[in-house]
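Here is the structure we will look at.
The values are calculated or read from the model by the stated rules, or taken from the named source; none is laboratory data. What you see is a predicted model; the values in this text were computed from it and never measured. Counting neighbours? That spans all protein chains shown, and the Cβs are built from the backbone with ideal geometry, glycine included.
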Amino acid sequence: MSDGYLEGQLLIAMPNMGDPRFERTVVFICAHSEEGAMGLILNKIADEITFNDLLEQLEVDRPAPQEEIRIHAGGPVDTGRGFVLHSRDYLQATTMTVGDKYGLTATIDILKSIADGDGPNHSLLALGYAGWGAGQLDSEIQANGWLTVDPDAEIVFDEEIDTKWDRAVKKLGVDPSFLTSEAGHA
């Protein structure tokens, strides 16, 4: 994190978020500047499409990969657009680097590489993204809508979708059961 921007960090939705699209979500922030922010939700799956369906729709002629590749619902913005968040062992000219360990690529070439087994060692494929206008994310954080924490590859890339929020909160040293959406009064 530099200059107060959160690129390469995880956002953890607080229980009082108020927006059901982000309830108990963990978002990887891919870009953040004075102009706004963009991230991918790490713990929601796009159940309506498979990787093979996606390859077919894009007219990519490749054999089915040996293992199932899940597609995430990256956010409510531009849900027809795909993004691959991945480890830095795979870089193309169009790859946007995010911090020291991550890359973001949004081309058909990376999908072909993944299908061929030549893609990055770790990746997360998402349709859509979460986006914030200038100052919007900062305001939401100040209103206690989000917590932030450094990412780790397990939370970013593993298949344990249902536990990512709890594990991200625990990285802060907080017991997730202590977080509630109820306001207290003394």
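Overview of values
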{"item": "Residue pairs meeting the criteria (Cβ under 7 Å; at least 6 apart or on separate chains; first closer than 17 Å to Val77 by Cα and in a strand (DSSP E or B), in segment 119-142; second among the hydroxyl-bearing types (Ser, Thr, Tyr) and modelled with pLDDT under 95)", "result": "Leu127/Thr79; Gly128/Thr79"}
{"item": "Exclusive hit being surrounded by fewer than 13 Cβ atoms within 10 Å (Cβ to Cβ), on the phi < 0 side of the Ramachandran plot and at pLDDT 95 or above, set Ala186, Ala134, Ala130", "result": "Ala134"}
{"item": "Complete set of residues in segment 58-95 that are exposed (fewer than 15 other Cβ atoms within 10 Å of the Cβ) and not in a loop (DSSP other than H, G, I, E, B)", "result": "Val77, Asp78, Thr79, Gly80, Arg81"}
{"item": "Count of segment 12-32 residues which are at pLDDT 95 or above and farther than 20 Å from Phe178 by Cα", "result": "6"}
{"item": "Number of the exception - Met96 against (1) more than 30 Å from Pro20 (Cα to Cα); (2) at pLDDT 90 or above", "result": "(1)"}
{"item": "Segment 96-118, residues that are among the small types (Gly, Ala, Ser), surrounded by 14 or more Cβ atoms within 10 Å (Cβ to Cβ) and over 13 Å from Val156 (Cβ atoms)", "result": "Ala106, Ser113, Ala115"}
